[in-house]
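Just below is one structure, and these are the notes that go with it.
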Amino acid sequence: AKVSAELIWFNGELIPWQNATVHVMSHALHYGSSVFEGIRAYKTHKGTCIFRLQEHIERLFDSAKIYRMDIPYTVEEVVQACKAAVTANKLEAAYLRPLAFLGDVGMGLRPPADAKADLMIAAFSWEAYLGADAIENGVEVGVSSWNRLAPNTMPTAAKAGGNYLSSQLISMEAGRHGYTEGIAMDVNNQISEGAGQNLFLVRKGIIYTPPGTASILQGLTRDAVFVLAKELGYEVREETISREALYLADEFFMTGTATEIVPVKTVDGIAVGSGSRGPVTKALQEAFFGIFDGSTEDKWGWLESVSE
Ligand code: PMP
């Protein structure tokens with residue numbers, strides 16, 4: 001879907017959306033050399049706040065570190081720039097997309113040692129990623145014939161532009177088969193993650209999710225589920241999950257910044273549990289969305305006001 005806002009933060013300045021362009025010879029366009037984040041700002045009981053902003057920006061710098069990419073700003077400068085991107089566009093709620101990329105650094109595959117990344121931060125309105133009623137009614141997914149990246153090929157710990165070619169294959173195949181989203185297996189043919197979501201299943205009251213070794217991005221929403229599940233008294237186990245375990249789960253849900261927490265009603269056409277949102281998923285959603293209306297106390301400092 002096309003998105004828009006008035007201004008974009010680009011290399012230190014807020015400029016009109018339509019002027020935020022790059023040259024066709026940009027390194028990132030040819031070789032995938034970019035790292036990025038997806039972050040949400042919510043309209044909360046304390047005004048507009050960005051969820052886990054500091055940690056998202058730290059992850060951006062971690063992604064850059066893996067690729068030896070020099071982002072010529074500090075974490076704190078990027079944190080403040082994210083807030084500015086929201087307030088400059090007078091947004092009460094927003095999706096934020098910071099992107100660091102290699103631009104005018106020449107056509108050599110190996111970037112020059114002194115190359116500096118360009119940095120842009122867009123903030124814009126973006127509704128529920130998997131559709132408006134997905135949060136309550138759930139989505140239908142299918143396991144993809146495409147595996148996620150194998151260890152020691154392209155690191156899935158980095159949220160790098162090039163990784164999303166894998167996600168596009170998974171998502172396009174899912175769409176062709178009539179599913180809302182695709183689920184990928186890792187190189188060992190165990191469950192990994194969605195095209196842009198982490199995965200959780202519930203069986204006999206225990207919550208399971210693939211471990212960090214399953215070629216996943218260790219999502220901040222995934223981490224929030226760990227924390228909230230503990231608060232609610234549920235046990236979460238990071239364990240290898242087989243394809244058929246999805247079919248036999250009582251509940252199955254996906255997490256991500258854009259996705260938030262979305263129940264899965266069918267996998268490969270097989271109903272998960274009763275085929276509608278289960279009680280554990282619902283309790284976790286209430287705890288998660290409660291952070292934004294104040295019904296869940298933010299004990300962790302996850303909300304960062306845009307006006308601070
Ligand atoms: N895996 C992939 C491949 C993703 O793109 C995302 C979205 N950033 C996630 C997992 C979930 O991560 P987070 O909860 O930090 O948004």
Residues of segment 101-132 satisfying the condition of being under 22 Å from the mean Cα position of the chain (by Cα) and either charged (D, E, K, R) or in a strand (DSSP E or B) (or both):
PHE101, ASP118, LEU119, MET120, ILE121, ALA122, ALA123, PHE124, GLU127
Test each condition in (1) within 14 Å of the ligand (Cβ to nearest atom); (2) assigned to a helix (DSSP H, G or I) for GLU136 and report the one that comes out false.
(1)
Can you confirm whether segment 79-95 contains a residue that is under 23 Å from TYR129 (Cα atoms), crowded, with 19+ Cβ neighbours inside 10 Å and small (Gly, Ala, Ser)?
yes
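Return yes when SER4 is closer than 30 Å to ASN152 by Cβ and either more than 17 Å from the chain's Cα centre (by Cα) or assigned by TED's automatic domain parsing to the domain that holds ALA258 (or both) and no when it is not.
Values: closer than 30 Å to ASN152 by Cβ: no; either more than 17 Å from the chain's Cα centre (by Cα) or assigned by TED's automatic domain parsing to the domain that holds ALA258 (or both): yes.
No, not satisfied.
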The one condition VAL79 fails out of (1) more than 27 Å from THR255 (Cβ to Cβ); (2) β-branched (Val, Ile, Thr); (3) within 18 Å of the chain's Cα centre (by Cα) is (1)
Among the residues of segment 174-189, which ones are surrounded by fewer than 17 Cβ atoms within 10 Å (Cβ to Cβ) and either outside the structural domain of TRP146 (by TED's automatic domain parsing) or on the phi < 0 side of the Ramachandran plot (or both)?
GLY175, ARG176, HIS177, VAL187, ASN188
Candidates ALA123, ALA160, ALA128, filtered to the one that is surrounded by 15 or more Cβ atoms within 10 Å (Cβ to Cβ), within 15 Å of the ligand (Cβ to nearest atom) and of a type in the set (A, V, I, L, M):
ALA160
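Of the residues ALA41, ALA1, which is of a type in the set (Gly, Ala, Ser) and modelled with pLDDT of 95 or more?
Numbers: ALA1 fails: modelled with pLDDT of 95 or more.
After ruling out the rest, the residue left standing is ALA41.
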Heads up, the helices (runs of 4 or more DSSP H) in segment 191-302 (entirely inside) with at least 3 residues that are away from the ligand (no atom under 15 Å from the Cβ) are 243-247, 279-293
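Go through segment 139-153 and give me each residue that's outside any strand (DSSP E or B) and farther than 30 Å from HIS23 by Cβ.
Residues of segment 139-153 that are outside any strand (DSSP E or B), as a first pass: 148-153.
Result: ARG148, ALA150, PRO151, ASN152.
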Which residue pairs have Cβ atoms closer than 7 Å, lie 6 or more positions apart in sequence or on different chains, and pair a first residue in segment 253-279 that is more than 18 Å from GLY178 (Cβ to Cβ) with a second residue that is within 12 Å of the ligand (Cβ to nearest atom) and among the basic types (Lys, Arg)?
THR255/ARG222; THR257/ARG40
Of PRO111, PRO72, which residue is modelled with pLDDT of 95 or more and exposed (fewer than 13 other Cβ atoms within 10 Å of the Cβ)?
PRO72
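Here is a yes/no grid of residues against (1) under 30 Å from VAL272 (Cα atoms); (2) without any contact (Cβ under 8 Å) to a residue 40 or more places away in the chain:
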| residue | (1), (2) |
| --- | --- |
| VAL105 | no, no |
| ALA113 | no, yes |
| VAL139 | yes, no |
| VAL143 | yes, no |
| ALA160 | no, no |
| VAL187 | yes, no |
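The values are calculated or read from the model by the stated rules, or taken from the named source; none is laboratory data. Since this is a predicted model, take the numbers as computed values, not measurements. When we count neighbours, we look across all protein chains shown, and the Cβ atoms used for this are built from the backbone with ideal geometry, even at glycine.
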